[in-house]
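**Student:** Would you mind keeping the following structure in view while I ask a few things?
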Amino acid sequence: MDDNFYTKISNSFFYNIGEILGDIMIASILWLLCCLPVVTIIPSTSALYYVCRNYRESGLSVTKLFFKAFRKSFKQGAFFSVIYVLYAFISGSSIFFAIYGIGDVKLPAFYLPFSFITLLPILFTLPFVIALHTRFDNSIKKTISNAFILSSMNPVITIYIWILCAIVVGISVAFPPALLILPSLCSYYVVSMCDKIIDKTSGTEEKSEDASSDE
């Protein structure tokens, strides 16, 4: 009778919801801790992305799945992180100097919009760099160029992803406990959008290759 009782509990709707929430919290905490060294931001985000895509089918615990993906993506992912952190620092410094000047020297007015334009390479590559880096074993140059192409083909979705991420950051700053849930939920949602675009683009490429081979 006890076995039947626990079987019913473990198969109940509320138990399953609690289990999912527990997995979400674990994944979010692992992501947050692994992001702390800064140079591991992209491998950590890539691992979170991978967990969101595969934890249902993998049969592994969230922790094992996360660190499996983290180890796999660490080398190239850390290199991506260094590239983007350095570039963001340079762009941020450019914006700072454009607003406040360099000492007593004020920069020309046209330099301010130009300094903001330098952020575009980050905005139009980073979301898809993480998605492509997680799914495919490509070179850094090819990953970044493919990410830029995908973002340029889907500018509205790219902007929407950044707005969503900004909202998540804002909520997390205002209410820190949200960090236990929002990163995984945001990642899962962004994963779905990126996957659809990547699959659609890959399918289009395959069809065009088939058509050319038939000719």
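**Student:** Of everything in region 26-52, what is open to solvent by 60 Å² or more (accessible area, probe 1.4 Å), part of a helix (DSSP H, G or I) and more than 16 Å from S172 (Cβ to Cβ)? Give them in sequence order.
**Tutor:** I26
**Student:** Restricting to region 166-181, name every residue that is touching a residue at least 12 places away in the same chain (Cβ under 8 Å) and open to solvent by 40 Å² or more (accessible area, probe 1.4 Å).
**Tutor:** So in region 166-181, the residues touching a residue at least 12 places away in the same chain (Cβ under 8 Å) come out as 168, 179-181.
Correct list: L179, L180, I181.
**Student:** Continuing with the same structure: Just to verify a result, which residue in region 85-108, among those that are surrounded by fewer than 18 Cβ atoms within 10 Å (Cβ to Cβ) and touching a residue at least 12 places away in the same chain (Cβ under 8 Å), is nearest to C34 (Cα to Cα)? Can you show your working first?
**Tutor:** Initially, region 85-108 is screened for residues surrounded by fewer than 18 Cβ atoms within 10 Å (Cβ to Cβ), giving 85-90, 92-93, 95-97, 99-108.
Still in the running and touching a residue at least 12 places away in the same chain (Cβ under 8 Å): 85, 87-88, 90, 95, 97, 99.
On the way: V85: 16, Y87: 21, A88: 20, I90: 24, I95: 29, F97: 32, I99: 34 Å.
Taking the candidates together, the pick is V85.
**Student:** Also: Which one of these does I117 not meet: (1) touching a residue at least 60 places away in the same chain (Cβ under 8 Å); (2) farther than 16 Å from T201 by Cβ?
**Tutor:** Exception for I117: condition (1).
So that you can scan it fast, the table gives a plain yes or no per residue for (1) in contact with a helix residue (DSSP H, G or I) (Cβ under 9 Å, 6 or more places away or on another chain); (2) not β-branched (V, I, T):
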{"site": "I157", "(1), (2)": "yes, no"}
{"site": "V168", "(1), (2)": "yes, no"}
{"site": "V173", "(1), (2)": "no, no"}
{"site": "L180", "(1), (2)": "yes, yes"}
{"site": "L185", "(1), (2)": "yes, yes"}
{"site": "Y189", "(1), (2)": "yes, yes"}
{"site": "C194", "(1), (2)": "yes, yes"}
{"site": "I197", "(1), (2)": "yes, no"}
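**Student:** Within region 130-159, can you find the residues that are exposed (fewer than 14 other Cβ atoms within 10 Å of the Cβ) and either within 15 Å of the chain's Cα centre (by Cα) or closer than 17 Å to Y49 by Cβ (or both)?
**Tutor:** F136, D137, I159, listed by residue number.
**Student:** Turning to a different aspect of this structure: Starting from region 55-81, take each residue that is at pLDDT 90 or above and list its partners that are of a type in the set (D, E, K, R), counting only C-beta distances under 6 angstrom and pairs at least six apart or across chains.
**Tutor:** That search, which allows pairs on different chains as well, returns V62/D23.
**Student:** Also, I was wondering about something else. Which residues, taken from region 54-74, are open to solvent by 50 Å² or more (accessible area, probe 1.4 Å) and under 11 Å from T40 (Cβ atoms)?
**Tutor:** Matches in region 54-74: F74 only.
The values are calculated or read from the model by the stated rules, or taken from the named source; none is laboratory data. Treat the numbers as computed from the prediction; the structure is a model and nothing was measured. Note that we place each Cβ from the backbone using ideal geometry, even for glycine, and neighbour counts take in every protein chain shown. Accessible surface areas use protein heavy atoms only, side chains included; no ligands, DNA or RNA. Shrake-Rupley method; radii C 1.70, N 1.55, O 1.52, S 1.80 Å.
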